[in-house]
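Take a look at the structure set out below.
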Amino acid sequence: MLSIGLKPDETQLVKDYILLPLLLDVLEHDRSILCKADLKTLELTNAIIDHLQAAALSDLAQARRKMREYAIKVYEDRKTKLGIEVEFICRGYHHKLSILWGLIEAEIEQRSYTYLGLKIADKGSLL
């Protein structure tokens, strides 16, 4: 049987389709916690979260457009103890993608730093 592999950009689209909503959930969760705290910079904190959410929503919309263009259709995704498993169709072939929680967390953190124009390599030295 002939196996058709995914192109790197197709895999990235599926990853974005899964990761970006998780990033949005994390940001909304953090906002709700921070709004209950007695922060002196609440407006600034909300502006940063708004900026991150706008960037993530823009990328998610772009990923969804590209998925339609490439005829990629996710038909199942499930959270497990180890991560997220996704099943989808691309170019008429069924594919599976598994993403471990550790990688999900790292990707979300990396994406957040990028949206803020920061380098994650400078993470410890920002203080």
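For this structure, a couple of remarks:
- Taken one residue at a time, the phi angles of the range 110-118 give Karplus couplings (6.51, -1.76, 1.60, θ = phi - 60°) of 4, 4, 5, 4, 4, 4, 8, x, 10 Hz. Gly and Pro are set to x.
- Working note: Cα gyration tensor of the chain, eigenvalues times five, square-rooted, sorted largest first, giving semi-axes of 32, 15, 14 Å.
- Restraint check, Lys40/Lys123; Lys15/Lys81; Lys79/Lys119; Lys40/Lys79; Lys96/Lys123; Lys36/Lys79, Cα-Cα greater than 27 Å: Lys79/Lys119; Lys40/Lys79; Lys96/Lys123; Lys36/Lys79
- Shape call, the range 53-127: gyration tensor on alpha carbons, a/c limit 1.5: oblate
- J(HN,Hα) series, the range 66-75, from Karplus relation 6.51 cos²θ - 1.76 cosθ + 1.60, nearest Hz, glycine and proline x: 5, 4, 5, 4, 8, 6, 9, 10, 7, 10
- The magnitude of the dipole of the chain, with charges of +1 and -1 set on the Cβ of Lys/Arg and Asp/Glu and taken from the Cα centre, is near 320 debye.
- Cut-off under 5 Å, modelled amide H: who pairs with Gly83 long-range: Trp101
Coordinate-derived values only; no laboratory data. Everything quoted here is computed from the prediction, not taken from an experiment. Quick reminder, even Gly has a Cβ in these numbers, built from the backbone with ideal geometry, and neighbours come from all protein chains shown.
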